[in-house]
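The values are calculated or read from the model by the stated rules, or taken from the named source; none is laboratory data. Bear in mind the structure is a predicted one, so any value in this text is a computation, not a measurement. Note: ideal-geometry Cβ built from the backbone for every residue, glycine included; neighbour counts use all protein chains shown. Calculation scope for accessible area: heavy atoms of the full protein, side chains included, ligands and nucleic acids excluded. Shrake-Rupley method; radii C 1.70, N 1.55, O 1.52, S 1.80 Å.
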Amino acid sequence: MMKKLATGFLAVAATGTLALSLPATSAGASTSSSSTTASDWDDYWGPYYAKHGLAKASGWIGVEGDYEDGNSVHVKGRLYDLDNRTYKQGGKCAYVKFQAADDEYDWHHVYARYYCGYPGYKTFQFHEDDVYAVRAKVCQYNPYTHKVSKCGQWWDVYDAEEV
């Protein structure tokens, strides 16, 4: 467990200050246009979990513009490592991945992040342009084999048809 905690502390130190503050909301809750970032549409997403609940991600998404004229999608979030087992006991890190699609729903990978550091979290953010839909999946990650496993389902974070 000490090795996993040390890895987590190093990861936190490498990322600098963790200043992102996101209120907890239910998966279906909508709080449009309440963010400090100017956007045409925004919402909180998550929390989404890996299989067996040993990793979690939640956050905020904002969309500026519309897909027809070219939009810009901004995603912010937190990735939580909830696996308290040591690596020797089979413990793994938290992992989140995002895909984006065009209006034909041709999905492609846009972002992934892992975090090792039970019981903490790591903030992340990214943006993509000209996006029709975004989805997320939370999994676990083995830092020694570099394999992703124990994934939850894909969750729709944004879909231009539903806005």
Got at least one residue in region 54-61 being at pLDDT 95 or above, open to solvent by less than 30 Å² (accessible area, probe 1.4 Å), more than 12 Å from the chain's Cα centre (by Cα) and farther than 20 Å from residue 148 by Cβ? no
Find all pairs meeting these conditions: Cβ atoms under 8 angstrom apart; at least six residues apart or on different chains; first residue within region 134-155 and modelled with pLDDT under 95; second residue not in a loop (DSSP other than H, G, I, E, B). 143/7; 143/93; 143/114
Filter region 86-98 down to the residues that are surrounded by 17 or more Cβ atoms within 10 Å (Cβ to Cβ) and β-branched (Val, Ile, Thr) and list them by number. 96
Please enumerate the residues belonging to region 132-150 that are more than 24 Å from residue 62 (Cα to Cα) and open to solvent by less than 50 Å² (accessible area, probe 1.4 Å). 140, 141, 142, 143, 149
Answer with yes or no whether residue 114 is within 21 Å of residue 41 (Cα to Cα), open to solvent by 20 Å² or more (accessible area, probe 1.4 Å), in contact with a Phe, Trp or Tyr (Cβ under 7 Å, 6 or more places away or on another chain) and at pLDDT 95 or above. no
Just to be sure before I move on: is residue 83 in contact with a Phe, Trp or Tyr (Cβ under 8 Å, 6 or more places away or on another chain) and either open to solvent by 40 Å² or more (accessible area, probe 1.4 Å) or not β-branched (Val, Ile, Thr) (or both) in the structure I sent? yes
Under the condition of being out of contact with any Asp or Glu (no Cβ under 9 Å at 6 or more places or on another chain) and among the hydrophobic types (A, V, I, L, M, F, W, C), which residue from region 117-131 is surrounded by the fewest Cβ atoms within 10 Å (Cβ to Cβ)? 126
When you go through 94, 101 one by one, which is the residue that is small (Gly, Ala, Ser) and closer than 25 Å to residue 130 by Cβ? 101
